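Trainee: What follows is a single structure, and I will ask about it in a moment.
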Amino acid sequence: MVSFRKIYSQIRKGGLTLCISLIALFLALYLLMKQYQFTIDTSKFSITDWATLGQLVVISITAIIAIYTILSNRKTSKERATLDVVLDDYKDDKLVVASNEVFNIVREDRNKLYTVFQNENNQYTEQRQRLLLVLNRYEFYASAMNHGILDEKLFKRLHCSNFIKLWDAVSPTVMSIRDKERKDTLFKDLEILVLRWKSSPLTSDDL
């Protein structure tokens with residue numbers, strides 16, 4: 001699976017550089033306005049005034065270019081990370097097998113999925129592990145999208161129906177798990193993401 005620690009670290013570094021660029025831009029604009037008090041009479045400019053103005057303009061332009069470049073690079077990095085995640089999932093045989101088994105159980109008996117989770121007398125140990133693999137993986141991705149680490153728009157284009165289909169299949173079980181554990185935050189990011197996607201369905205304009 002893709003290293004999200006590395007991705008998150010890169011995004012944080014980009015955010016720090018962006019903050020520095022913004023500070024430089026606002027500082028340059030502040031000094032420019034303070035120096036000339038919002039009115040500029042170039043006829044009275046000395047060589048020093050022109051040099052100072054030129055420096056401030058250069059700093060401002062450089063900061064604007066840096067901000068644009070950083071924002072563009074962050075978007076590209078998120079898209080690349082999202083594609084890596086999707087490609088890794090396609091290669092993850094364990095996840096594919098686990099997902100198929102979850103849907104097979106739901107098709108046979110929707111209520112059995114919670115029985116699998118309870119795993120009384122260790123009857124469903126392997127099935128329970130596969131159920132948790134699927135839930136935890138999708139929750140992890142949902143959390144990454146909700147917090148802006150992965151590109152939600154791209155992920156939605158590629159996996160919208162899969163996320164909605166999964167949540168519709170497991171939501172009764174998730175609600176039962178929350179009741180049992182007395183934690184209404186379990187798999188909450190997945191629920192929030194799916195509800196947001198349901199309220200704003202994928203259309204041809206998104207493709």
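The values are calculated or read from the model by the stated rules, or taken from the named source; none is laboratory data. What you see is a predicted model, and the numbers here were worked out from it, not measured in a lab. Here the Cβ positions follow ideal geometry from the backbone for every residue, glycine too, while neighbour counts run over all protein chains shown.
Trainee: Can you tell me which of (1) modelled with pLDDT under 70; (2) loosely packed, with under 11 Cβ neighbours inside 10 Å is the one THR69 doesn't meet?
Mentor: Going through the list (1) modelled with pLDDT under 70; (2) loosely packed, with under 11 Cβ neighbours inside 10 Å, THR69 breaks only (2).
Trainee: Here are ARG178, ARG182, ARG130: which of them is over 23 Å from the mean Cα position of the chain (by Cα) and at positive phi?
Mentor: Step by step, each of ARG178, ARG182, ARG130 is checked, and only ARG182 is over 23 Å from the mean Cα position of the chain (by Cα) and at positive phi.
Trainee: I'd like to check something: does segment 141-162 contain any residue that is part of a helix (DSSP H, G or I), modelled with pLDDT of 95 or more and within 16 Å of ALA98 (Cα to Cα)?
Mentor: Within segment 141-162 (the criterion being part of a helix (DSSP H, G or I), modelled with pLDDT of 95 or more and within 16 Å of ALA98 (Cα to Cα)), the answer is no, since none of the residues qualifies.
Trainee: On to the next question. Which residue is modelled with the lowest pLDDT, if the candidates are limited to segment 37-62 and must be assigned to a loop (DSSP other than H, G, I, E, B) and loosely packed, with under 10 Cβ neighbours inside 10 Å?
Mentor: The residue in question is PHE38.
Trainee: Yes or no: segment 128-137 includes at least one residue that is under 24 Å from THR76 (Cα atoms) and part of a helix (DSSP H, G or I).
Mentor: Looking through segment 128-137, at least one residue is under 24 Å from THR76 (Cα atoms) and part of a helix (DSSP H, G or I).
Trainee: If you don't mind, there's one more thing I want to ask. Residues LEU202, LEU186: which one is at pLDDT below 95 and not in a helix (DSSP H, G or I)?
Mentor: Every option except LEU202 fails the conditions.
Trainee: Continuing with the same structure: Condition first: of a type in the set (A, V, I, L, M, F, W, C), on the phi < 0 side of the Ramachandran plot and within 22 Å of the chain's Cα centre (by Cα). Can you find one or more residues in segment 102-113 that meet it?
Mentor: no
Trainee: Here's a follow-up. Name the residue, out of ARG182, ARG196, that is surrounded by 13 or more Cβ atoms within 10 Å (Cβ to Cβ) and free of Cβ contacts under 8 Å to residues at least 60 places away in the same chain.
Mentor: Just one listed residue meets the conditions, ARG196.
Trainee: So, one more: Just checking, does segment 163-174 include any residue being touching a residue at least 12 places away in the same chain (Cβ under 8 Å), buried (at least 17 other Cβ atoms within 10 Å of the Cβ) and small (Gly, Ala, Ser)?
Mentor: Checking segment 163-174: at least one residue is touching a residue at least 12 places away in the same chain (Cβ under 8 Å), buried (at least 17 other Cβ atoms within 10 Å of the Cβ) and small (Gly, Ala, Ser).
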